[in-house]
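Engineer: To start, I am sharing the structure in question, which I have written as structure tokens.
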Amino acid sequence: MKFFDYARATELSEAIGEFAKPIAGGTNLLDLMKLEVETPSRLMDINHIGLNEISPHGDGLRIGALVRNADCAADLRVRRDYPLLARAILAGASPQLRNRATTGGNLCQRTRCTYFMRLGTRCNKREPGSGCDAIGGVNRDHAIFGATEHCIATYPGDMAVALAALDASVQIEGIDGSRQVSLRDFHRLPDGDPHLDNVLTGGEIITSVKLPAPVGGKQIYRKIRDRASYAFALVSVAAIVTLDQGRITRADLAFGGVAHKPWHDPAVGRALIGNEPSDQLFSEAADLLVNQAKGQGGNDFKIPLLRRSLIAVLREATGIGGNDVRNL
Amino acid sequence: MPLNPPANFRVNGKACRYSGDARRSLLDFLRDDMGLYGTKKGCDHGQCGACTVIVDGSRVNSCLTLAVMQDGCEVTTIEGLGSPEALSVLQRAFVTHDGFQCGYCTPGQICSATAMIEELAQGWPSHVSADLNNPVPSDDELRERMSGNLCRCGAYPNILAAIRDAMEAAR
Ligand SMILES: Cc1cc2nc3c(=O)[nH]c(=O)nc-3n(C[C@H](O)[C@H](O)[C@H](O)COP(=O)(O)OP(=O)(O)OC[C@H]3O[C@@H](n4cnc5c(N)ncnc54)[C@H](O)[C@@H]3O)c2cc1C
Ligand code: SF4
Ligand code: FES
Ligand code: FES
């Protein structure tokens, strides 16, 4: 690990600005600093600035940036009104990691692309302009949506996928004041500058995530991974589905492990709304979703996997259809 | 704001202070500065759980936090849970059930399980809870809740038996 100076903020104002890189739980940043992928010269410990509460906000909830993932998933209001969020958090990492990981740090966690995490490879995200060894390389974990010739990495987290389906927003504080960004617009596509993961500019701090009023419905987070626990998603589906008089009235969907951001395609939800649930409808919606998908070789399997996962989730949410999605 | 402030905290009830190179992980501090060799380094990257200790009641990976970040905290390691003369209920159960082979993962397993039992008592849900509001301590639940602790020797069945036994003894 490269040498750095350490400072401990006791209020938000000390944490804002480009003086130092914030450290919250440290579970991603320290990992990458040990690998010398991240080499900050100063760290600002933001664990003592507050922002560690979940509080009512309008008809919704405000989750402080320093709330630990484990506390968020255990919160009775989250469990009751936003089970999708609790489920997504519980599907990620391990209990020990969730005890440290924070709301803000989780949103800002970096890709798990193996080239990004290994010095001595070409990686535009780590070293702009150097190239991308994942293209044509080992790219089993990589994106099927929104990739560019500059970067094909995914955002690896689970929590943010649920937050995208829930249409949460991110509250940000900077030197010039505060702003709010929809979670769906918080992470970026790689475009030509993949070293930027999200819309935060230097010195800005996430202060909280706001959840809109609860919408009920059937809420499902399905994560497909190489082992049943303690592994990142190959693909994941976050879904909120409501039925009224035999028709789908709400279908808020987001997908993880498939893009540089939680993937949200409003056309898929629109194709479902107003219709009677059926396997044919689900297949059509899933086709619409994967229509624009593009594999990189090693990750081609994600396209049928995502398609079937969506169908399986829609079946579970509506109680229509069986368990076998092989023929769909 | 001062750069590199010291951290004052407690380890197994004993006051201590760290004010050196900020790069020191809590894990290296415990082993190399405190001489508490019970806590083990497996991967040093949050992937194995061998370094699990309890900080302010929660289990954490001591490899992914810094010594300087522990200011004001109460850290408990395997040495703080019991001693050879006075084993904790879980330590005793691991011996009774052979909850290990080489023993490398064991301190992490026991620290983790100690805090896990408390999480269950608080009603915390897990990924496998059918009802988020009413988790039942089935074998699947215990396995999922212990999945942050890998055992290279594969002593999992006996680890599970030891934890079950300790939970029943506590009731
Ligand atoms: C072995 C392993 C397995 C994992 N598995 C999963 C998984 O399955 N699913 C999953 O979702 N995650 C997984 N994770 C990732 C884990 O969830 C993240 O490491 C964690 O959420 C990061 O939160 P943190 O508070 O520790 O962030 P830190 O490591 O403290 O910070 C991460 C980044 O966020 C920045 N930051 C932190 N807080 C703020 C803030 N308030 N404002 C602005 N910037 C901020 C930091 O500067 C840094 O760049 C895994 C991690 C490990 C090590
Ligand atoms: S996919 Fe992105 S993160 Fe991975 S090597 Fe290419 S540029 Fe780097
Ligand atoms: S040594 Fe900390 S998790 Fe492996
Ligand atoms: S007993 Fe050997 S690693 Fe678990």
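The values are calculated or read from the model by the stated rules, or taken from the named source; none is laboratory data. Owing to the predicted nature of the structure, the values given are computational and were not obtained by experimental measurement. We place every Cβ from the backbone using ideal geometry, glycine too, and count neighbours over all the protein chains shown. These accessible areas exclude ligands, DNA and RNA; they are computed on the full protein's heavy atoms, side chains included. Shrake-Rupley method; radii C 1.70, N 1.55, O 1.52, S 1.80 Å.
Engineer: Kindly list the residues of the stretch A:227-245 that lie in the label zone of A:GLU276, defined by a backbone N under 13 Å from the point 7 Å along the Cα-to-C-beta vector.
Structural biologist: Under 13 Å, as judged by backbone N against the label point of A:GLU276, lie A:245 of the stretch A:227-245.
Engineer: Okay, moving on. Please list, in chain and number order, the residues 5+ apart from B:SER25 or on another chain whose amide H is under 5 Å from its amide H, with Hs placed from the backbone.
Structural biologist: Hits under the 5 Å cutoff: B:ALA67.
Engineer: For B:ARG31, A:ARG270, B:ARG171, A:ARG179, give me the order by solvent-accessible area with a 1.4 Å probe, most accessible first, ignoring ligands, DNA and RNA.
Structural biologist: On the way: B:ARG31 60, A:ARG270 160, B:ARG171 220, A:ARG179 85 Å².
From most exposed to least exposed: B:ARG171, A:ARG270, A:ARG179, B:ARG31.
Engineer: Which whole-number percent gives the relative contact order of the stretch B:31-171, counting Cα pairs below 8 Å spaced six or more residues apart? Please report the intermediate quantities before stating the final value.
Structural biologist: Values: 193 pairs, mean separation 38.1, N = 141.
Result for the stretch B:31-171 is 27 percent.
Engineer: Separate question: Ignoring everything but the protein chains, give the 1.4 Å probe accessible area of A:HIS195 in square angstrom, nearest 10.
Structural biologist: 80 Å²
Engineer: I need to check one value: relative contact order of chain A, counting alpha carbon pairs closer than 8 Å and at least 6 residues apart, in percent.
Structural biologist: Details: 752 pairs, mean separation 55.3, N = 328.
This gives 17 percent for chain A.
Engineer: Quick check: with the 1.4 Å probe, what order do B:THR39, A:THR242 take by accessible area, largest first? Show your work: numbers first, answer last.
Structural biologist: Details: B:THR39 5, A:THR242 30 Å².
Accessible-area ranking of B:THR39, A:THR242, largest first: A:THR242, B:THR39.
Engineer: Quick test of the membrane-span-like rule: which DSSP H helices of chain A reach at least 20 Å along their long axis (C-alpha atoms) with mean Kyte hydropathy at least -0.5? Don't skip to the end; give the middle numbers.
Structural biologist: Details: long enough: A:302-318 (24 Å, 0.47).
Sorted by number, the helices that extend far enough and score high enough are A:302-318.
Engineer: How high is the relative contact order of the stretch B:7-81, in percent, counting Cα pairs under 8 Å that sit 6 or more residues apart? If you can, show how the numbers build up before the last one.
Structural biologist: Details: 137 pairs, mean separation 32.4, N = 75.
RCO, the stretch B:7-81: 43 percent.
Engineer: Any chance you could check the Cα centroid distance between the stretch A:204-230 and the stretch A:148-168 for me, in angstrom?
Structural biologist: Measuring centre to centre over Cα atoms gives 11 Å.
Engineer: In terms of modelled amide H atoms, which long-range or inter-chain residues lie less than 5 Å from the amide H of A:ARG112?
Structural biologist: Counting only residues 5 or more places away or on other chains, the set is A:THR154.
Engineer: If the cut-off is 18 Å between C-alpha atoms, which aspartates and glutamates fall inside it for A:LYS2, apart from same-chain ones fewer than 8 positions away?
Structural biologist: Reachable aspartates and glutamates: A:ASP31, A:GLU36, A:GLU38, A:ASP45, A:GLU127, B:ASP21, B:ASP28, B:ASP44.
Engineer: Apply 1/(1 + (r/R0)^6) to the Cβ-Cβ distance of A:ARG179 and A:THR39, taking R0 = 30 Å, and write down the FRET efficiency to the nearest 0.05. Numbers along the way, then the final one.
Structural biologist: Details: r = 28 Å, r/R0 = 0.95.
It comes to 0.60.
Engineer: Also, I was wondering about something else. Can you work out ³J(HN,Hα) from phi for every residue in the stretch B:94-109, in order, using Karplus 6.51 cos²θ - 1.76 cosθ + 1.60 and θ = phi - 60°, giving whole Hz and x for Gly and Pro?
Structural biologist: Going residue by residue, I get 4, 5, 4, 9, 6, x, 6, 10, 6, x, 5, 7, 4, x, x, 4 Hz, with x marking Gly and Pro.
Engineer: Applying the Karplus parametrisation 6.51 cos²θ - 1.76 cosθ + 1.60 with θ = phi - 60° to the phi angles of the stretch B:138-153, what ³J(HN,Hα) value in whole Hz is obtained for each residue in order, glycine and proline being reported as x?
Structural biologist: 3J(HN,Hα) across the stretch B:138-153, in whole Hz: 6, 4, 4, 4, 5, 4, 4, 5, 9, 6, x, 10, 8, 10, 4, 7.
Engineer: For a paramagnetic label modelled at 7 Å from the Cα of B:ASP21 toward its Cβ, which residues of the stretch A:15-38 fall within the zone defined by backbone nitrogen distances under 16 Å?
Structural biologist: The answer is A:33-36, whose backbone nitrogens lie closer than 16 Å to the label point.
Engineer: Using only the alpha carbons, work out the radius of gyration and Dmax of the protein assembly as shown in angstrom.
Structural biologist: 22.8, 69
Engineer: Can you run phi through the Karplus equation (6.51, -1.76, 1.60; θ = phi - 60°) for the stretch B:53-63 and list ³J(HN,Hα) in whole Hz, with x for Gly and Pro?
Structural biologist: Taking θ as phi minus 60°, the curve returns 10, 10, 10, 6, x, 10, 6, 9, 8, 6, 6 Hz for the stretch B:53-63.
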